[in-house]
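The values are calculated or read from the model by the stated rules, or taken from the named source; none is laboratory data. Nothing here was measured: the structure is a model prediction, and the numbers come from that model. When we count neighbours, we look across all protein chains shown, and the Cβ atoms used for this are built from the backbone with ideal geometry, even at glycine. All accessible areas refer to the heavy atoms of the entire protein, side chains included, with ligands and DNA or RNA removed. Shrake-Rupley method; radii C 1.70, N 1.55, O 1.52, S 1.80 Å.
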Amino acid sequence: MLVAGGFAALLGRPPVAEVPAWSVEGFLGSAWQAQTGLLIRQNGEPDIMVEEAKYKTMPFEEAPYYAGRVGRWKRDAAWEFEVVHHKLQLTNKPPEVQLFNVSHGYNFLFVNRAWALPGFMWRLGCGAVIAHPETEIRNRRRDRGRGYLGFETAGIGAQIGGGTRVWIAGPLYATIETTLTAGAARVSVAGGHADVANLALHGRFGLGGAF
């Protein structure tokens, strides 16, 4: 059993010989977002520049903030695929902006490289931003992106982070982690687009299984 590793397993790193081939994890959490630049362009109108855009995360409104991850381990390192449902709502809107949300998701799709160290796991990742914007600019509303179900491939993202595991029983463990993400995305608005940079510090708690 994975719990047979005693103290090493409790700290999140079972003995190398017992490291499983696969891990599956799910998380809830929230994020603190730094002030970043926002540029909105509409055809025939002056650009709107918000040099220090402020966003809130709304982690429990509508679809909650969540993340999920699948990893394939070989000894103490893994390749992972991760989805993060990140959410943005602009709070310091200029007069021309009635609504600016990317709250059906400023979603990250990451490919990660992860490493297990004594008592700690850390990872680097990069990938795509898949966005679903809901905006109203100069009283012109748009409730979706240009792609399937209103989602659009909007940009690129990266992350660095780490956390720890506590084994519960058998293959089941609890995990807590923090990550720093950066994204650069272009989302659709009525009659134009918006360039949305994002820098966020995420805190998450979740459950996982090792197989």
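Assorted remarks:
- Quotient of Cα Rg and 2.2 N^0.38 Å for the range 142-211, N being how many residues it contains: 1.59
- Cα-centre dipole for the range 82-203 with unit charges at Cβ (Lys and Arg positive, Asp and Glu negative), debye to 20: 140 debye
- Taking the Cα centre of the range 107-170 as origin and assigning +1 to Lys and Arg Cβ atoms and -1 to Asp and Glu Cβ atoms, the resulting dipole is close to 120 debye.
- Across all Cα atoms of the chain, the radius of gyration (one decimal) and Dmax (whole number) stand at 19.4, 67 Å.
- Each Lys and Arg adds +1 at its Cβ and each Asp and Glu adds -1 at its Cβ; summed about the Cα centre, the chain shows a dipole of about 300 debye.
- Heavy atoms of the protein chains alone define the surface here; on that basis the chain has 47 Å² accessible area per residue at 1.4 Å probe size.
- Cα lying deepest toward the dipole's positive end in the chain, options TRP73, GLY44, PHE110, charges on Cβ: TRP73
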